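Q: One structure, as structure tokens, below. Some questions next.
The values are calculated or read from the model by the stated rules, or taken from the named source; none is laboratory data. Keep in mind the model is a prediction, meaning the values are calculated, not measured. Cβ placement follows ideal geometry from the backbone for every residue including glycine, while neighbour counts extend to all protein chains displayed.
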Amino acid sequence: MKLLDGMKVSEGISTNLAKITGKLNLKLSIILVGKNPSSVVYVNAKKRKCNTLDIECDVVHFDNDVKEKKILEKIELLNNDRMVSGILVQLPLPSHLDTRKILDSVDIGKDVDGLNSYYLTKIFLNEEKIVPCTPKGVITLLDYYKINLYGKRICILGFSNIVGKPLAAMCINRGGTVTICNSKTKNIKEHTLRSDIIMSSVGKPKLVTKNMVSDGAIVVDIGFSKIKGKTYGDVDFNNVKEKCAYISPVPGGVGPMTIVSLIQNLILLKKLKDNF
């Protein structure tokens, strides 16, 4: 078993990014609504990473019961602020808010998370430009370990607009044969056992167990749950790892790759600025 060590890989990428970011005068604005534990963890991690790379990071924190109009007005101000290089809306948002409307209100020239409908459409057309940070982090991690998706049978657990859907399209763009399982899928084990690569982004601890994984499989754990202060992924890591060729841990796997992908997108937006 080999570890897909996202912490190590992300640190190497960060070292190279540090040679660039200090010269670009970058500023990231993050919209955070409420106090979702997972969201707070990720926002704090993003802010720390920005600080280490000489990037200004401003967190705009709204109460959980904020009116949608107030968020849209703030995003409009940020869209028009020439000092702001990128805008990120931390998900999930409370159920009373229209997530798609809010994401699509972010100017595509500042959409650092690539979740505007414009960028998502580009992925499905195999014209990737700015891609969502977590799927990008997964692909970058696999590329580092020279894991080629071409011809591989890939099972993705979870079908969100943030991770599952764009990740599935990106795997297909690279020649993978993709099966997607959601909450309505019957006998998930049947699909995972015949897969070369399993990617899980459900947010349910120990969802993927030893009897669901074939010998020599590659398992990418994208899940994130915070329970009583402890972080969990979707995979029963200690029992599953003995069957795997490669497996990513939580924490220290996809999480750090997601954050470094955010910085890569921020730099790319800066370079693309004149084209928007």
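Q: So which of 177, 231 is under 30 Å from residue 111 (Cα atoms), within 17 Å of the chain's Cα centre (by Cα) and hydroxyl-bearing (Ser, Thr, Tyr)?
A: Exactly one of 177, 231 is under 30 Å from residue 111 (Cα atoms), within 17 Å of the chain's Cα centre (by Cα) and hydroxyl-bearing (Ser, Thr, Tyr), namely 231.
Q: Another question about this same structure. May I ask you to verify whether residue 142 is touching a Cys at 6+ places or on another chain (Cβ under 6 Å), in contact (Cβ under 8 Å) with a residue 60 or more places away in the chain and over 25 Å from residue 60 (Cβ atoms)?
A: Against the criterion (touching a Cys at 6+ places or on another chain (Cβ under 6 Å), in contact (Cβ under 8 Å) with a residue 60 or more places away in the chain and over 25 Å from residue 60 (Cβ atoms)), residue 142 does not qualify.
Q: Something else now. Restricting to the range 204-222, name every residue that is assigned to a loop (DSSP other than H, G, I, E, B) and crowded, with 24+ Cβ neighbours inside 10 Å.
A: 213, 222
Q: Please go through (1) crowded, with 17+ Cβ neighbours inside 10 Å; (2) among the charged types (D, E, K, R); (3) in a helix (DSSP H, G or I) for residue 190 and return the number of the only condition it doesn't satisfy.
A: Only one criterion is unmet by residue 190, namely (1).
Q: Considering only the range 83-186, give the strands (runs of 3 or more DSSP E) lying wholly within it that have at least 3 residues that are surrounded by 20 or more Cβ atoms within 10 Å (Cβ to Cβ).
A: 86-89, 153-157
Q: Among the residues of the range 1-17, is any modelled with pLDDT of 95 or more, over 30 Å from residue 247 (Cα atoms) and in contact with a Ser or Thr (Cβ under 9 Å, 6 or more places away or on another chain)?
A: no
Q: Any idea which residue in the range 127-138 is farthest from the chain's Cα centre (by Cα), counting only those that are over 21 Å from residue 197 (Cα atoms) and not aliphatic (A, V, I, L, M)?
A: Filtering the range 127-138 for residues that are over 21 Å from residue 197 (Cα atoms) and not aliphatic (A, V, I, L, M), the one farthest from the chain's Cα centre (by Cα) comes out as 127.
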